[in-house]
Amino acid sequence: MARVLVGVKRVIDYAVKVRVKPDKTGVVTQGVKHSMNPFDEIAVEEAVKMKEKKLATEVIAVSVGPAQSAEVIRTAMAMGADRGVHVEVPQAEYELLQPIHISKILAKLALDEKADLVILGKQAIDDDANQTAQMTAAVLNWPQGTFCNKIEKTDAGLTITREIDGGLETIKTKIPAVLSADLRLNTPRYATLPNIMKAKKKPLKKVTAKDLGIDTTPRIDIISVEDPPVRQAGATVADVDALVAKLKEGGHI
Amino acid sequence: MWKLKSLKSPVQTIVLRRLSVGDSRLSQKHDSKKSPVKQNESFMANIFRRSFVPKQVFPYPDVLSLEEKESTGSLIDPFERFFSDINDAAKSDQAGKTDEKTLSALWELGAFAIQVPENFGGLGLNNTQYGRLCEIVGANDLALGITIGAHQSIGFKGILLYGTPEQKEKYLPKVSTERVYAAFALTEPSSGSDAGSIRSRAVKSADQKYYVLNGSKIWISNGGIADIMTVFAQTEIVDPKTGEKKDKVTAFIVERSFGGVTNGAPEKKMGIRASNTTEVYFEDVKIPIENILGEEGGGFKVAMNILNNGRFGMGATLSGTMQKCIEIATSHANSRVQFGQKLKNYGSIQEKLAQMSILQYATESMAFTISQNMDGGSQDYHLEAAISKIYASENAWYVCDEAIQILGGMGFMVETGLERVLRDLRIFRIFEGTNDILRLFVALTGIQFAGSHLKELQSAFKNPATNLGLIFKEASKRAASKVGLGGSDLSSHVAPELQPYAKQTAECIDLFGQTVEELLLRYNKNIVNEQIILNQLANAAIDIYAMVVTQSRSSRALQLDLPSAQHELNLTKALTIQASERAIKNLKNATSSHNRDLTEKMSTIAQTVCEKNGVYSTGVIDI
């Protein structure tokens, strides 16, 4: 095994309360704290661990997005990735970018960089799409191991424990392969300050989707972004009987 | 220029000793015949001599490159995460120490060598970037801040500032990555503010290869955990010209492994309990000659410059502390309901929150003016650094105290966390130069600078023909300020809507220069004995600096169209109203006969109290 490509997405920080823009074209991003998608942190951690165990020789962090996306590549490099590739997409275009575009970009880069493994977060916490890893595997026609709970190297390839509804599933796969990281795969390390400073010196290549020959023409229009409906006020009931009566009345039981 | 030697009073000697090393340019002679020396760029020093040198304050400094801003930005998140996820200030306070696991994480994070160059294992950050991280420390854990600060802001700072290439090579990697703690050992039982009077002594061996150090130090932060210390001791220096032997302080890098270095038990303290403070004893410690730090006999200068250099960090740290106190108080005011209203709707609470915000804004503005002046290569920041230390430590105390008041009974409870902060804050008015000594330092440093200028004027008048330019310039400056036109004009430097406020400040600055001159004419060099007047002068200087830096910063905010610009302008305006009134009052008092009466009374009362060992009055009900 040689090279691992890791996808990192810059998203609104998990602790931020997201607000919809007054014109309903999207959510407010200006002046809002952003950070690396938490599942991508797990993916980076796994790749770096592989490198530490000498299972990988090089870790490349890739981000697709506007200029600020370089920040999360730097973070990935501070965590231990060796170099970065930033596929720069203008903000306006980025808002309409879909997993299908990202997966084509990642697939192209995986081939260009001669990656043996692509590790992605299982989903991003902004759009919650949970499609990119699967689509990337399809574009590449590589095997996929999604929702990884544990990744072990075996002679023929990898043994992967997956999180599925109601339990765990163990599968074997050959490499090259595309994997997606679930929450319990590992605990990502903190980027230390010296490593952040050192990361500034690691190479970060900038390309455009056009350079890669990927068509990112939007296939969708955003018609309206709405706040979720405000939750109706609850009521206190006197006893169990009253509760049951209320539930029947609402047609819930 | 006055002869410093003629001053006999001990405190003056201390202060003047300090200021004579603080900044060589402050005491330089201005001889018009010699080629022009680089002008002192300190805004504050210059207003003592009625000259207006805006360079360091207008426009608000902005020294970080885009890349430096970006990289500093990327450090903030992990640094904050350490405090939110790993560190527990309350637990450390109770235990009287920070546990090993936390310290280990802090070492790993790189927080112990923020300003050490990268090639020695540090982060290589400048003062401004360091200051930004200090704010985070201050907001979260002051005791841990002392552990970190005693290590790098004073412990090994001497090696950074004065170390030889060999000393740097040998020690900087140790204190940066090898988890070796450093400490700064100056204070002794008989030598607190008067640092020149230390008794520890180092005697050179017969073969001239090492010194033997004996003595003891007290209240040394990290004293029990440091393996590398910057130690100050008396050494016998022979004047090469006269052959006269004289005791002078020399700084040494001392390793615990040299042998003979021991320490006492950790002191029990009011605050910063989690930081380690001990006595340190030196018994026949053999220090190799190559471990002299700076020049032999130049130790006092080393000590003062280390302290001067690190002082701005306190302002940054405490502005973070104030920010946190305001946050806690605000969240309480926003949610607590009494008499059917949220606290935020009551004028008494509003006044407190506003005042707290004003003081935080000014403290932060000072700290980052100074750090950026330093990063811009200025050597003339010592006066400002002293002002910011006084301002930050006193206002942080005030802000924390008021936050407790807003929270009422809740604020008094340990669980809220503010009582710990208040205890921790108390030491900041005492250590690294007590505020009392620093006030004298501010006033006397400035007066000395002004005095040298007057001397220069006097000699110019002796030979008017060749010095006409200087005399005319001075004459017109004087005429202008007498008729109230104002010698100082801030109008071109501040936002249009700050103009009336800038004018108030300019009036203070003019009165300040006039007052200094008047005091010098009245007292001449005896001004050094008038501590109460010197304090009034220092307080006016502090207020003036606060006005100037906030006007500069908020003007910048407006210029950049920052979302907070209007708020910042309001903070500045309110501050100017308060500070200008106070400054004028202090300056008028400094020369008024009415105030003279008061200071004489105060002095007599104090003498009586001392004679009687305390309160002296007949029992109020005659028993």
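The values are calculated or read from the model by the stated rules, or taken from the named source; none is laboratory data. All values derive from a computational prediction rather than experimental measurement. Glycine also receives a Cβ, built like all others from the backbone with ideal geometry; neighbour counts cover every protein chain displayed.
From the list A:LYS210, A:LYS200, A:LYS246, which one is in contact (Cβ under 8 Å) with a residue 12 or more places away in the chain and not aliphatic (A, V, I, L, M)?
Going through A:LYS210, A:LYS200, A:LYS246 in turn, just one is in contact (Cβ under 8 Å) with a residue 12 or more places away in the chain and not aliphatic (A, V, I, L, M): A:LYS200.
Mind telling me which of the residues B:GLN379, B:GLN372, B:GLN405 ends up being touching a Pro at 6+ places or on another chain (Cβ under 6 Å), not hydrophobic (A, V, I, L, M, F, W, C) and not assigned by TED's automatic domain parsing to the domain that holds B:GLN129?
None of the others qualify; the one that does is B:GLN372.
To keep it simple, each residue is scored yes or no on (1) modelled with pLDDT of 95 or more; (2) among the charged types (D, E, K, R); (3) surrounded by 14 or more Cβ atoms within 10 Å (Cβ to Cβ).
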| site | (1), (2), (3) |
| --- | --- |
| B:PHE428 | yes, no, yes |
| B:ASN435 | yes, no, yes |
| B:PHE449 | no, no, yes |
| B:GLY484 | no, no, no |
| B:LEU519 | no, no, yes |
| B:ASN526 | no, no, no |
| B:ASN529 | no, no, yes |
| B:ILE533 | no, no, yes |
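Quick check, is A:GLU46 buried (at least 23 other Cβ atoms within 10 Å of the Cβ) and within 14 Å of another protein chain (Cβ to nearest Cβ)?
no
Going through the stretch B:334-351 one residue at a time, which ones are surrounded by fewer than 20 Cβ atoms within 10 Å (Cβ to Cβ) and part of a helix (DSSP H, G or I)?
B:ASN334, B:SER335, B:LYS344, B:ASN345, B:GLY347, B:SER348, B:GLN350, B:GLU351
Can you tell me which of B:LEU560, B:LEU569 is assigned by TED's automatic domain parsing to the domain that holds B:GLU518, more than 29 Å from the chain's Cα centre (by Cα) and not basic (Lys, Arg)?
Residue meeting the stated conditions: B:LEU560.
Of the numbered conditions (1) of a type in the set (D, E, K, R); (2) under 14 Å from B:ALA182 (Cβ atoms); (3) under 24 Å from the mean Cα position of the chain (by Cα), B:ARG256 satisfies every one except a single condition; which is it?
Failed condition: (3).
Mind checking which residues of the stretch A:93-108 are out of contact with any helix residue (DSSP H, G or I) (no Cβ under 6 Å at 6 or more places or on another chain), buried (at least 22 other Cβ atoms within 10 Å of the Cβ) and aliphatic (A, V, I, L, M)?
If the condition is that a residue be out of contact with any helix residue (DSSP H, G or I) (no Cβ under 6 Å at 6 or more places or on another chain), buried (at least 22 other Cβ atoms within 10 Å of the Cβ) and aliphatic (A, V, I, L, M), then A:ILE105 is the only one that fits.
Can you run down the residue pairs with Cβ atoms below 6 Å, 6 or more apart or on separate chains, where the first is in the stretch B:61-73 and among the β-branched types (Val, Ile, Thr) and the partner is surrounded by 14 or more Cβ atoms within 10 Å (Cβ to Cβ) and not in a helix (DSSP H, G or I)?
Close Cβ pairs (under 6 Å, with a partner that is surrounded by 14 or more Cβ atoms within 10 Å (Cβ to Cβ) and not in a helix (DSSP H, G or I)) amount to B:VAL63/B:GLY376.
Is there a residue being touching a residue at least 40 places away in the same chain (Cβ under 8 Å) and assigned to a strand (DSSP E or B) anywhere in the stretch A:13-33?
So far as the stretch A:13-33 goes, yes, one or more of its residues are touching a residue at least 40 places away in the same chain (Cβ under 8 Å) and assigned to a strand (DSSP E or B).
Yes/no per residue for (1) in a helix (DSSP H, G or I); (2) within 14 Å of chain B (Cβ to nearest Cβ):
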residue: A:LYS54; (1), (2): no, no
residue: A:VAL59; (1), (2): no, no
residue: A:SER63; (1), (2): no, no
residue: A:SER69; (1), (2): yes, yes
residue: A:ARG74; (1), (2): yes, yes
residue: A:ALA78; (1), (2): yes, yes
residue: A:GLY84; (1), (2): no, yes
residue: A:ILE100; (1), (2): yes, no
residue: A:LEU106; (1), (2): yes, no
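Listed here are the residues, each with its yes/no results for (1) outside the structural domain of B:SER153 (by TED's automatic domain parsing); (2) over 18 Å from B:ILE292 (Cβ atoms); (3) touching a His at 6+ places or on another chain (Cβ under 9 Å).
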{"position": "B:TYR171", "(1), (2), (3)": "no, no, no"}
{"position": "B:SER193", "(1), (2), (3)": "yes, yes, no"}
{"position": "B:VAL203", "(1), (2), (3)": "yes, no, no"}
{"position": "B:TYR210", "(1), (2), (3)": "yes, no, no"}
{"position": "B:SER216", "(1), (2), (3)": "yes, yes, no"}
{"position": "B:SER221", "(1), (2), (3)": "yes, yes, yes"}
{"position": "B:GLY224", "(1), (2), (3)": "yes, yes, no"}
{"position": "B:LYS246", "(1), (2), (3)": "yes, no, no"}
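Can you pull out the helices (runs of 4 or more DSSP H) entirely within the stretch B:491-602 that have at least 2 residues that are touching a Gly at 6+ places or on another chain (Cβ under 7 Å)?
Answer list for the stretch B:491-602: B:499-523.
Name, by its number, the condition in (1) in contact (Cβ under 8 Å) with a residue 60 or more places away in the chain; (2) touching a Ser or Thr at 6+ places or on another chain (Cβ under 7 Å) that does not hold for A:SER63.
It is condition (1) that A:SER63 fails.
Please specify each residue of the stretch B:44-88 satisfying the condition of being more than 23 Å from B:PHE368 (Cα to Cα) and in contact with a helix residue (DSSP H, G or I) (Cβ under 6 Å, 6 or more places away or on another chain).
Within the stretch B:44-88, B:ARG49, B:ARG50, B:PHE82, B:ILE86, B:ASN87 qualify.
Starting from residues that are farther than 24 Å from B:GLU267 by Cβ and of a type in the set (Asp, Glu), keep the ones in the stretch B:73-88 and report whichever is farthest from the other protein chains (Cβ to nearest Cβ).
B:GLU80
Which of the residues that make up the stretch B:273-296 are within 28 Å of B:LYS209 (Cβ to Cβ) and either of a type in the set (Asp, Glu) or not assigned by TED's automatic domain parsing to the domain that holds B:ARG199 (or both)?
Listed by number, the residues that qualify are B:GLU283, B:ASP284, B:GLU290, B:GLU295, B:GLU296.
For the stretch A:204-253, give me each residue that is on the phi > 0 side of the Ramachandran plot and under 36 Å from the mean Cα position of the chain (by Cα).
A:GLY213, the sole residue that qualifies.
If we scan the stretch B:313-321, do we find a residue that is of a type in the set (Val, Ile, Thr) and either in a strand (DSSP E or B) or in contact with a strand residue (DSSP E or B) (Cβ under 7 Å, 6 or more places away or on another chain) (or both)?
Checked the stretch B:313-321: no residue is of a type in the set (Val, Ile, Thr) and either in a strand (DSSP E or B) or in contact with a strand residue (DSSP E or B) (Cβ under 7 Å, 6 or more places away or on another chain) (or both).
Would a scan of the stretch A:19-38 turn up a residue that is within 14 Å of chain B (Cβ to nearest Cβ), closer than 30 Å to A:ALA156 by Cα and buried (at least 21 other Cβ atoms within 10 Å of the Cβ)?
The answer is no; no qualifying residue exists.
Would you tally the residues in the stretch A:138-148 being among the β-branched types (Val, Ile, Thr), outside any strand (DSSP E or B) and farther than 17 Å from A:LEU109 by Cβ?
0
Would you kindly identify the helices (runs of 4 or more DSSP H) lying entirely within the stretch B:89-189 that contain at least 3 residues that are away from chain A (no Cβ under 12 Å), without any contact (Cβ under 8 Å) to a residue 60 or more places away in the chain and surrounded by fewer than 22 Cβ atoms within 10 Å (Cβ to Cβ)?
B:100-109, B:165-177
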